[in-house]
1. Has region 220-229 got at least one residue that is open to solvent by less than 10 Å² (accessible area, probe 1.4 Å), over 26 Å from Leu348 (Cα atoms) and of a type outside the set (D, E, K, R)?
2. Test Ser293 against the stated conditions and say whether it is more than 18 Å from Asn90 (Cα to Cα), open to solvent by 20 Å² or more (accessible area, probe 1.4 Å) and not in a loop (DSSP other than H, G, I, E, B).
3. Looking for something part of a helix (DSSP H, G or I) and either among the acidic types (Asp, Glu) or under 26 Å from Leu139 (Cα atoms) (or both) - is there at least one such residue anywhere in region 265-280?
4. Give Ile272, Ile281 a once-over and let me know the one that is hydrophobic (A, V, I, L, M, F, W, C), buried (at least 17 other Cβ atoms within 10 Å of the Cβ) and modelled with pLDDT of 95 or more.
5. Does Thr89 satisfy the condition of being among the hydroxyl-bearing types (Ser, Thr, Tyr), surrounded by fewer than 15 Cβ atoms within 10 Å (Cβ to Cβ) and modelled with pLDDT of 85 or more?
6. Search region 324-348 for residues that are of a type in the set (Val, Ile, Thr) and pair each with any residue that is open to solvent by 80 Å² or more (accessible area, probe 1.4 Å) when their beta-carbon atoms are under 6 Å apart and the residues are at least 6 apart or on different chains.
7. What number of residues within region 230-269 satisfy the criterion of being closer than 12 Å to Leu197 by Cβ, open to solvent by 70 Å² or more (accessible area, probe 1.4 Å) and touching a helix residue (DSSP H, G or I) at 6+ places or on another chain (Cβ under 9 Å)?
Amino acid sequence: MTSEDAAVTEARVSRRSKAPATIYDIAKLAGVNPSTVSRALSKPGRINVKTEERIHAAAKELNYRLNPMARALPTGRTNTLGLLLADITNPMFFDVVRGAERAASRRGYTLILSESQESGEREAEAAERVAPSVDGLVLVTTRLGDEQIRELAERKPLVVINRKVDGIHGIIPDLGPGIDEALAHLAELGHTSLAFLSGPANSWMSGARWEALMERAPKLGMTIVEIGPGVPTLDGGTDALSRVVASGVTAVIAYNDLMAIGLMRAAQEQGIHVPGRLSIIGFDDIFGSDFTSPQLSTIRTPLGAIGERAIRLTLELIDEYADGTPARADNSPLPTELIVRGSTGPVLV
C-alpha cells in the first residue's frame, strides 16, 4: 500500500468514527493541503475547478458539516448575510429573496431574513440585532433615513435595493422603459387623465416612480395627479377608491400590484367596471398578479436579477473590507417592461 493509499484509508476510517470530520480529514482524502481545503470551502471559485470538485466530493463522502460560528473565530467571518425586508408577506419580495439565495449559495453563504413591517423603527432594531452576526447587510425597500443607512454602512458592508443614498451602493431598476411603455399604451387607448396611487411617504421608490410619471405624462398630452400616500397593501388600494372616483380620471397606475389589485376589487364591488370605466396598471408583476379577473396589467421589475446583483455586490464589498480587493459594481441596466393583460382597455365614450 502506498503512502497516498494509506492516507485515504485513514481518512475513510475517521468517517466511521464518532468524531466529526475535519478539514484535515478532507485534505487527506482529497490529496491536498488543509489550507487548500479551507480556501475551497470558504471562498468557492478561488482555486482550480477540478481540485475544488475533488475537495467537495471528499467533504460529502466524509459527511463534513461547516460550522459558520466556529469558522468566524479565526477568520472573523460567519458566511452569513442579513436580508432586511420591509414586509415579508408582500409577494414582491419572493423573487428578490430567491435571486439573493441563488447568488449567496454559489459562494457558500447563508441568508438571514428579517422584516420591519414597513416600520423604520422596527427596521433599525432588526439591523441592530442582525448586524453583529453577519458579514454584510442588504436592505430591501428600506424605511430607514439616509443617515441611519450611512451609519450602518460604516459598520458592515451594505447594499440597498430600490433606494438611492449618496455614498452607498444601491441596486435600482431602470424605470424609464416600463413607464414609457405604460403611458404609450394608455395614450393609444384614448386615456388623457391619469392618477398615480402612491406608496408610503418614506418610500424612495414611490417618489421616483411619481417623478418619472409626472415628467413623461404631459409630453403625451396627459394630465396626471398623485393620490396618496398610502400603505402598499390590498387595503391601501381599497381605501383609495373614493379619491380615485372623485378625481375623475380614467386610468390609474399604482405604486405596486397589491394596491392595484385592492383598487380593482373595490371598484368592482362598487359596480365600476374594470377596464370599461377604469383602467388599472400595477407595478412589479408579483406572483399572483395574473390570478385576478381581469388579469392585471403591470410594469414588470426584474426582481430576481436585482436580488442576485445585490448579493454579488455585497460579497465584493466584504472581500474589499477583508483584503482590499476593489468591489466592481455591475452598472448594466435592469430595465422594467409593461406586461399588458386585461385590466386596461379603451376609454368608453
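1. no
2. Details: more than 18 Å from Asn90 (Cα to Cα): yes; open to solvent by 20 Å² or more (accessible area, probe 1.4 Å): yes; not in a loop (DSSP other than H, G, I, E, B): no.
So Ser293 does not fit the description; no.
3. First, the residues of region 265-280 that are part of a helix (DSSP H, G or I): 265-269.
If we keep only those that are either among the acidic types (Asp, Glu) or under 26 Å from Leu139 (Cα atoms) (or both) too, we end up with 269.
Yes; the residues of region 265-280 include at least one that is part of a helix (DSSP H, G or I) and either among the acidic types (Asp, Glu) or under 26 Å from Leu139 (Cα atoms) (or both).
4. Working: Ile272 fails: buried (at least 17 other Cβ atoms within 10 Å of the Cβ).
The match here is Ile281.
5. On the way: among the hydroxyl-bearing types (Ser, Thr, Tyr): yes; surrounded by fewer than 15 Cβ atoms within 10 Å (Cβ to Cβ): yes; modelled with pLDDT of 85 or more: yes.
Criteria met by Thr89.
6. Ile339/Arg300
7. Going through region 230-269 one residue at a time, the tally reaches 2.
The values are calculated or read from the model by the stated rules, or taken from the named source; none is laboratory data. Fair warning: this is a prediction, and the values are worked out from it, not measured in the lab. As a convention, Cβ positions derive from the backbone with ideal geometry for all residues, glycine included, and neighbour counts pool all protein chains shown. SASA here: full protein model, heavy atoms, side chains in, ligands and nucleic acids out. Shrake-Rupley method; radii C 1.70, N 1.55, O 1.52, S 1.80 Å.
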